Number of protein chains: 2
Amino acid sequence: MATIHDVARAAGVSTATVSRALAGSAAVATSTRERVQRTAHALGYVPNSAARQLVTGRGQSIGLVLPDLENPFYAAVAKGVQQRVRAAGLTAVMADTDEDVETERAVLDQLSAGIDRLILASPRVPDADLEALGVKTRTVLINRQLQVATDRIVSVVPDNAGGIAQALRHLYNLGHRYVGYAGGPATSWSDAQRRRAYQTAPGGLEVVDLGAYRPGQVGGVAAADEAIARGVTAVLAFNDQLAIGILGRLAARRVAVPERISVVGFDDVPVARLLAPALTTVAVPAQLIGARAVDLLMAEPETGSGSDPDAAPAEQVVMDVELQVRASTAEPAAASPEPAASSNGGQ
Amino acid sequence: MATIHDVARAAGVSTATVSRALAGSAAVATSTRERVQRTAHALGYVPNSAARQLVTGRGQSIGLVLPDLENPFYAAVAKGVQQRVRAAGLTAVMADTDEDVETERAVLDQLSAGIDRLILASPRVPDADLEALGVKTRTVLINRQLQVATDRIVSVVPDNAGGIAQALRHLYNLGHRYVGYAGGPATSWSDAQRRRAYQTAPGGLEVVDLGAYRPGQVGGVAAADEAIARGVTAVLAFNDQLAIGILGRLAARRVAVPERISVVGFDDVPVARLLAPALTTVAVPAQLIGARAVDLLMAEPETGSGSDPDAAPAEQVVMDVELQVRASTAEPAAASPEPAASSNGGQ
DNA sequence: TCCACGTTCGCAAACGTTTACATCAGTGGT
DNA sequence: ACCACTGATGTAAACGTTTGCGAACGTGGA
């Protein structure tokens, strides 16, 4: 492996000049720069990133920790992150926490050793941990916000309220009056947001809480059973994974979708349109979110001198979402029955 | 940030002792080791990975490059890799090549700077590039083998031949006599393997080449059209992505599956069982493959002194696959028509 | 002729570890 | 009483790079 010394010797200059020439510094003569670049290329020189990182302090890789790589939504986020990161000449180290808080904490510990810039998707650890992390590590949150505004921790989130509103309006227009919300994990910030959003449902539309479920096949069966028991005409799921599980259970119990019950998801993962029936769902631009997170991470936190210092430091960006109407929603079968009672759901 | 010097001073020893104590070296007194460990923990000391890597030469992260993170099969591979890597106290840097050879080459260049251990899933670059890479970087291939056996490049692959054989036998037992193979990209090593495998189909079963397609929705329509045109009673797809595309096109053209045409996939991605009809497919243990690749990467290449040196250096491991019979395959509608002619497929 | 100054470059000090080698104190054998 | 040896620790070099500082060398103005 050729080092900077080899290049320096071959080009007849000092290592300092090689370093500067390769970095494109202005303080080196054009002729010298070109000669050095040629020599470096000829020798197949590639800078040792460890050495560079040691002296500069700034690493060339950013960390991405997400709850589940096999969830297509996060896969898309990862893809977006990866593309942007590579375009910037950096690399991305990824960690999967298996939706588990303890694993997440362990991963965070491990990563914070060598990584100084982090993207956290749907982090489950408490706010305090995040703030502690933010002290030494520049951090961008996806699907979560912090109460206190630290300028080192920014976030990018989908328009949860808007998405729920669109879905609810769609169901209302179809004629639904009694809708269930099948929630996600209690520790999920996104779920809390979406839960809050349906409180402001259009007048005349009652939304009941169906409970909290783990997204996926297993959570889907309990959620579907609850929906049937409650007699709702439509169910709005926390995300597509859960909606898919619900669809599966409904099919197994021979409950016609959308004739007897309409189902709406959230995320619009690629398979949503392939299901039978194709899933009506709120599309959130996962890849874009990932890309945007990287942008935020690279933007210098305080370039105060430029323009006025407090010009919205973009501490939080909200991405637009859009309902995709497909085959899993339709008018309710009969006139929607009067909601039995204003029974508020458990948990 | 506390350095090793801070710990040394606080514990009243030299940095060398701290380094040894924390590494668990036997050459340090138990009492000293414990005192150092306590001090280090109290100071919140975490070793600087860049400095460590600089001196040891060995990095603490392994690279994983794969063609498409949004393909659930590779997402599963990535998950398996990630788990194993983390268990070993390392980190994984991931790169997505978008199924593009040039991108792959660029990624390989970029990664080989700071990474000395690599896992390549379905690499598209020519053998020569891989051999060059293997010189300085310990490499494990997934879904590909090299002709020449370099001891620094090993590989883990699914039992392609076995999988195809199982699928073909299943179709034959069902009564099919005229089956189409919808192939993947021409540059894919896996596709070549699977193509070769169907040459040795059971007697009486004719398999025709339907051509080469990009896996996914778009490739699926052309492949389905070709299958219909050829009049096959069943189609065996290169992978699930392609099979899903075919299913979609068949549904759009109102060709009943499995009544008119049976469809078999390869991979068994999680959504396969959720489709309508649920996809019969060859299950390959993606997560296990990822984990196994990491194991191979960590195993020291030559521990010659131990036992006899040429005891199968495990230069290649083949993973068992198993056909999952679901709803997309059935007996052909009528008695399978005599194959019109022995027309061999294009491409 | 001399001085001030800008451009281009080299010197050498850091960055935080690991590790080969030296040092030192015991300990048991002769 | 001495020697050889083992076990525990310290010393210092090395890893490959970036970068502040100063040296050398023109160049133009006074």
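Out of the residues in segment B:1-16 that are more than 13 Å from B:His41 (Cα to Cα), of a type outside the set (Gly, Ala, Ser) and near DNA strand C (Cβ under 8 Å from one of its atoms), which is surrounded by the most Cβ atoms within 10 Å (Cβ to Cβ)? The selected residue is B:Thr15. When restricted to residues that are under 15 Å from B:Val140 (Cβ atoms), within 7 Å of another protein chain (Cβ to nearest Cβ) and part of a helix (DSSP H, G or I), segment B:55-81 contains 1.
Any residue that is of a type outside the set (Lys, Arg), at pLDDT below 95, more than 9 Å from DNA strand C (Cβ to nearest atom) and over 30 Å from B:Val269 (Cα atoms) - is there at least one of those in segment B:60-71? Yes, segment B:60-71 contains a residue that is of a type outside the set (Lys, Arg), at pLDDT below 95, more than 9 Å from DNA strand C (Cβ to nearest atom) and over 30 Å from B:Val269 (Cα atoms). Of everything in segment B:182-231 that is touching a residue at least 60 places away in the same chain (Cβ under 8 Å), among the hydroxyl-bearing types (Ser, Thr, Tyr) and within 19 Å of B:Val282 (Cα to Cα), the residue that is surrounded by the most Cβ atoms within 10 Å (Cβ to Cβ) is B:Ser188.
Residue-wise test of (1) surrounded by fewer than 19 Cβ atoms within 10 Å (Cβ to Cβ); (2) not basic (Lys, Arg).
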| position | (1), (2) |
| --- | --- |
| B:Arg20 | yes, no |
| B:Ala27 | yes, yes |
| B:Arg35 | yes, no |
| B:Leu69 | no, yes |
| B:Val81 | no, yes |
| B:Gly89 | yes, yes |
| B:Asp96 | no, yes |
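Scanning segment B:232-263 for residues that are in contact (Cβ under 8 Å) with a residue 40 or more places away in the chain, farther than 21 Å from A:Ala272 by Cα and in contact with a strand residue (DSSP E or B) (Cβ under 7 Å, 6 or more places away or on another chain) gives B:Val232, B:Thr233, B:Ala234, B:Val235, B:Leu236, B:Ala237, B:Phe238, B:Ser262. Inspect segment A:163-172 for any residue being surrounded by fewer than 17 Cβ atoms within 10 Å (Cβ to Cβ) and basic (Lys, Arg) and give the result as yes or no. Looking through segment A:163-172, at least one residue is surrounded by fewer than 17 Cβ atoms within 10 Å (Cβ to Cβ) and basic (Lys, Arg).
Residues in segment A:22-42 that are within 12 Å of DNA strand D (Cβ to nearest atom), away from chain B (no Cβ under 14 Å) and not in a loop (DSSP other than H, G, I, E, B): A:Ala23, A:Val36. Among residues of segment A:82-97 being charged (D, E, K, R) and within 15 Å of the chain's Cα centre (by Cα), the one that is farthest from the other protein chains (Cβ to nearest Cβ) is A:Arg84. When residues in segment A:234-271 are screened for being among the β-branched types (Val, Ile, Thr), assigned to a loop (DSSP other than H, G, I, E, B) and surrounded by fewer than 24 Cβ atoms within 10 Å (Cβ to Cβ), 2 of them pass.
Give the number of residues within segment A:272-291 that are surrounded by fewer than 18 Cβ atoms within 10 Å (Cβ to Cβ), aliphatic (A, V, I, L, M) and within 18 Å of A:Gln241 (Cα to Cα).
First, pick out the residues of segment A:272-291 that are surrounded by fewer than 18 Cβ atoms within 10 Å (Cβ to Cβ): A:273, A:276, A:278, A:288.
When the remaining residues are screened for being aliphatic (A, V, I, L, M), the result is A:276, A:278, A:288.
Going one step further and asking which of them are within 18 Å of A:Gln241 (Cα to Cα), we end up with A:276, A:278.
Number satisfying all stated conditions: 2.
None of A:Val135, A:Val140 is away from chain B (no Cβ under 13 Å) and of a type in the set (A, V, I, L, M) except A:Val140.
Within segment A:10-21, can one find any residue that is assigned to a helix (DSSP H, G or I) and more than 11 Å from DNA strand D (Cβ to nearest atom)? Yes - at least one qualifying residue is present in segment A:10-21. Of the listed requirements (1) near DNA strand C (Cβ under 9 Å from one of its atoms); (2) farther than 25 Å from B:Ala299 by Cβ, B:Ala23 misses just one: (2). The single residue among B:Val46, B:Val156 that is surrounded by fewer than 19 Cβ atoms within 10 Å (Cβ to Cβ) and touching a helix residue (DSSP H, G or I) at 6+ places or on another chain (Cβ under 6 Å) turns out to be B:Val46. Residues in segment A:81-95 include none that are within 12 Å of DNA strand D (Cβ to nearest atom), out of contact with any Pro (no Cβ under 9 Å at 6 or more places or on another chain) and on the phi < 0 side of the Ramachandran plot.
The values are calculated or read from the model by the stated rules, or taken from the named source; none is laboratory data. Just so it is clear, the structure is predicted and the values come from calculations on it, not from any experiment. Cβ sites come from the backbone with ideal geometry, for glycine too, and all protein chains shown count toward neighbours.
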